[in-house]
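The values are calculated or read from the model by the stated rules, or taken from the named source; none is laboratory data. Keep in mind that what you see is a predicted model, and the values were worked out from it rather than measured. Note that we place each Cβ from the backbone using ideal geometry, even for glycine, and neighbour counts take in every protein chain shown. Surface areas here come from the heavy atoms of the whole protein model, side chains and all, with no ligands, DNA or RNA. Shrake-Rupley method; radii C 1.70, N 1.55, O 1.52, S 1.80 Å.
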Amino acid sequence: MLFKPALIVVDLQEDFCPPDGALAVQGGRDIVPLVNDLLTLPFHAKVATKDYHPPDHISFASNHEPPNNVPFISVITIKNPLNAEEVEETRLWPDHCVRGTKGAELIPELDTSKFDHIIEKGQDKRVEMYSAFADPFLSPTVSRSELAPILHDAGVTDVYIVGLAADYCVKYTAVDARKHGFNTWVVGDATRAVDPSSLPEVYKVYEEMGIRVIGKDDAFQRIKDVDRVA
Ligand code: VGL
Ligand code: ZN
């Protein structure tokens with residue numbers, strides 16, 4: 001059976017990591033040794049993603065008026081800029097991953113020499129974009145990255161996802177990978193969540209969609225022989 005796995009390392013950036021990140025995810029840095037180990041395996045494609053916002057991005061609490069502009073708490077309704085009838089509720093955050101700043105850089109411990117592609121997302125100030133594939137609007141979609149064409153052109157069958165944050169960008173990237181028809185695997189040990197108490201809900205969505213959460217040993221076992229099974 002054809003098996004061409006890709007590894008997607010989601011948003012392993014300074015602003016999502018302690019100690020200085022604007023939107024630091026607890027334990028965010030701790031996953032790097034495991035991610036670097038996964039990067040040594042023979043994936044057919046290795047992709048890093050970067051949250052990469054303009055300073056006036058819609059998801060920044062600082063770009064909204066009080067009282068509904070409390071980072072981590074406030075939720076706003078945004079309209080599809082191309083279709084006012086399509087709306088979406090989205091959470092506000094501290095300013096983070098502003099393009100060109102230190103906070104937007106991949107963390108230096110990560111072995112970036114292994115990546116074939118680096119995808120920047122969230123660049124359209126009008127829409128939130130947790131998924132590395134596209135924003136959440138459907139009729140029509142406003143902003144798409146190169147990720148789907150890259151994976152399809154490489155003949156990828158299976159997508160393995162790690163990184164930050166388990167309950168936002170990892171989740172929505174996994175859901176979109178599945179919707180694009182890839183067998184989708186999240187390496188749970190190599191993710192961390194903004195709100196760990198939300199993970200049972202995230203895993204329920206995965207189960208409903210046929211996205212599988214696996215441990216690192218299972219991931220290593222599946223990928224290390226990839227050249228033999230391909
Ligand atoms: C993310 C919140 C805001 C993420 C990105 O990478 O999970 N979370 N922007
Ligand atoms: Zn963001």
Next item on the list: Measure up LYS125/LYS224; LYS46/LYS179; LYS50/LYS224; LYS46/LYS79; LYS4/LYS216 against 29 Å on the Cα-Cα distance and list the ones that go over.
Entry: LYS125/LYS224; LYS46/LYS79
Notebook entry, point to check: In degrees between 0 and 90, to the nearest 10, how far off the longest principal axis of the chain does helix 169-179 point, with axes built from Cα atoms?
Noted result: 60 degrees
Check: Based on the Cβ-Cβ distance from ASP37 to ALA84, what FRET efficiency comes out when R0 is 41 Å, to the nearest 0.05?
Finding: 0.30
Next item on the list: Could you state the accessible area per residue of the chain in Å², with a 1.4 Å probe and every protein chain left in place?
Entry: 45 Å²
Item checked: Accessible surface of the chain, 1.4 Å probe, proportion on carbon and sulfur as whole % -> 51 percent
Note to self: Taking the Cα centre as origin and putting +1 on Lys and Arg beta-carbons and -1 on Asp and Glu beta-carbons, what dipole magnitude results for the chain, to the nearest 20 debye?
What the structure shows: 440 debye
Checklist line | Probe 1.4 Å, all protein chains present, accessible-area order of VAL87, VAL159, largest first | finding: VAL87, VAL159
